[in-house]
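Worksheet for the structure shown next.
The values are calculated or read from the model by the stated rules, or taken from the named source; none is laboratory data. These numbers come from a predicted model, not from an experiment. Positions of Cβ are generated from backbone atoms using ideal geometry, with glycine treated the same way; all protein chains shown enter the neighbour counts. Ligands, DNA and RNA are stripped out before the accessible areas are found, and what is left, the full protein with its side chains, is counted by its heavy atoms. Shrake-Rupley method; radii C 1.70, N 1.55, O 1.52, S 1.80 Å.
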Amino acid sequence: MKPLFSIIIPLFNSSATLPFLLDSIVLQHYRNFELVFIDGASTDNTLDMLADFERVNNNLAIVIHSRPDKGIYDAMNRGIERASGEWLYFIGSDDRFCDGDVLRVIKSETAKGDADLIYGNVEGISSKTRYVYDSEAKVLSHGIHHQSVFYRCSLFDDLGKYNLSYSSAADFDFTLKVFLNDKYKIRYINKDIVYYGESGFSASNFDYKFFSGHYRLLALHDVIGRTENPAKCLSDSIYCCYYLAQQKKDIFIAWRNLIFYLLRIRSGSIYFRTTTFLNMLKRTIRRPLNDLGVNQ
């Protein structure tokens with residue numbers, strides 16, 4: 001029988017946190033799922049733990065694939081290629097389901113047949129911060145933790161996989177592609193899905209490349225007025241353009257985005273446009289701060 005859910009789990013040297021995740025999976029009341037473990041060639045005992053888990057839980061459909069990768073989104077893309085479920089769900093090795101009823105609740109939502117993306121809430125394990133993105137404005141402004149999202153597998157056929165050029169916001173990029181396309185149906189449910197680990201790569205690395213074009217993407221789809229704070233979104237995107245220019249990273253993309261802001265933002269004064277352009281030019285010409293021996 002084809003699984004309803006494919007739970008895709010990127011891993012790398014995850015032995016310290018993996019048992020908590022595995023326990024939360026075993027406790028799920030709904031069982032029509034497969035587990036797709038995508039390991040980045042771990043050097044600790046992660047693979048031994050997975051082998052033991054597979055042996056003890058031989059009633060579960062389990063795929064284990066291990067090889068060096070190019071980061072979490074490369075691992076997630078490899079998981080998509082190996083998944084056979086109708087719905088795909090991505091969870092980190094340092095995350096865990098909030099309770100044993102998560103998959104049963106999502107299964108009942110999928111049975112309604114009118115959604116392509118279903119999402120709920122998450123809570124940080126360490127901070128206890130609860131993230132509730134219960135409005136379009138919140139999602140457009142901040143994105144959604146991918147640990148709270150269940151995707152119909154056909155979305156990846158339509159929209160492609162995760163963009164590996166984004167270091168930590170490829171999931172936000174993909175989610176926006178869904179939200180910005182009227183053909184897809186989206187449903188929020190007020191259900192806590194996962195406690196997520198806050199020490200992962202995405203939690204500690206800001207994706208300046210993606211956010212330099214965040215405002216541009218929303219403006220091109222004519223939804224910038226539906227964000228929580230359009231002015232802040234623009235300011236943040238311009239700052240990211242500055243950062244990329246100063247660090248000599250993705251300069252072409254940074255300038256493309258900045259020129260869009262200068263030419264297309266009608267509310268900007270001549271002073272704003274002039275100073276913004278000159279600030280960008282100054283940062284482009286300067287050597288990176290770390291080359292000058294200055295700590296950022």
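Assorted remarks:
- Checking each residue of segment 96-108 against the condition of being closer than 13 Å to residue 10 by Cβ, of a type in the set (A, V, I, L, M) and touching a strand residue (DSSP E or B) at 6+ places or on another chain (Cβ under 7 Å) gives no match.
Let's see how each residue does on (1) of a type outside the set (Gly, Ala, Ser); (2) more than 26 Å from residue 137 (Cα to Cα); (3) open to solvent by 50 Å² or more (accessible area, probe 1.4 Å); (4) at pLDDT 95 or above:
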position	(1), (2), (3), (4)
233	yes, no, no, yes
261	yes, no, no, yes
273	yes, yes, yes, no
285	yes, yes, yes, no
293	no, yes, yes, no
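- Residue within segment 203-213 that is surrounded by fewer than 18 Cβ atoms within 10 Å (Cβ to Cβ), of a type in the set (S, T, N, Q) and farther than 28 Å from residue 93 by Cα present: no
- Consider segment 134-149 and keep the residues that are within 9 Å of the chain's Cα centre (by Cα) and part of a helix (DSSP H, G or I). The one that is surrounded by the most Cβ atoms within 10 Å (Cβ to Cβ) is 146.
- Filtered residue count, segment 17-46, keeping only those that are of a type in the set (Val, Ile, Thr), within 27 Å of residue 111 (Cβ to Cβ) and surrounded by fewer than 18 Cβ atoms within 10 Å (Cβ to Cβ): 1
- Residue match in segment 165-186 (condition: touching a strand residue (DSSP E or B) at 6+ places or on another chain (Cβ under 6 Å) and at negative phi): yes
- Residue selected from segment 244-259 under the condition open to solvent by 30 Å² or more (accessible area, probe 1.4 Å) and under 25 Å from residue 225 (Cα atoms), by the criterion farthest from the chain's Cα centre (by Cα): 259
- Top-ranked residue in segment 180-199 [being outside any strand (DSSP E or B) and in contact (Cβ under 8 Å) with a residue 60 or more places away in the chain; ranked as nearest to residue 95 (Cα to Cα)]: 197
- Screening residue 100 with (1) open to solvent by less than 20 Å² (accessible area, probe 1.4 Å); (2) closer than 12 Å to residue 5 by Cα; (3) over 16 Å from the mean Cα position of the chain (by Cα) gives one miss only, at (2).
- Tally, over segment 169-178, of residues that are open to solvent by less than 50 Å² (accessible area, probe 1.4 Å) and without any contact (Cβ under 8 Å) to a residue 60 or more places away in the chain: 6
- Enumerated strands (runs of 3 or more DSSP E) restricted to segment 1-82, each holding at least 1 residues that are more than 30 Å from residue 166 (Cβ to Cβ): 61-66
- Against the criterion of being touching a Ser or Thr at 6+ places or on another chain (Cβ under 7 Å) and in a strand (DSSP E or B), residue 120 qualifies.
- Residue identified as open to solvent by 40 Å² or more (accessible area, probe 1.4 Å), modelled with pLDDT of 95 or more and within 22 Å of residue 24 (Cα to Cα) among 131, 119, 166: 131
- One residue stands out among those in segment 103-133 that are acidic (Asp, Glu) and farther than 18 Å from residue 162 by Cβ: the one that is nearest to the chain's Cα centre (by Cα), which is 123.
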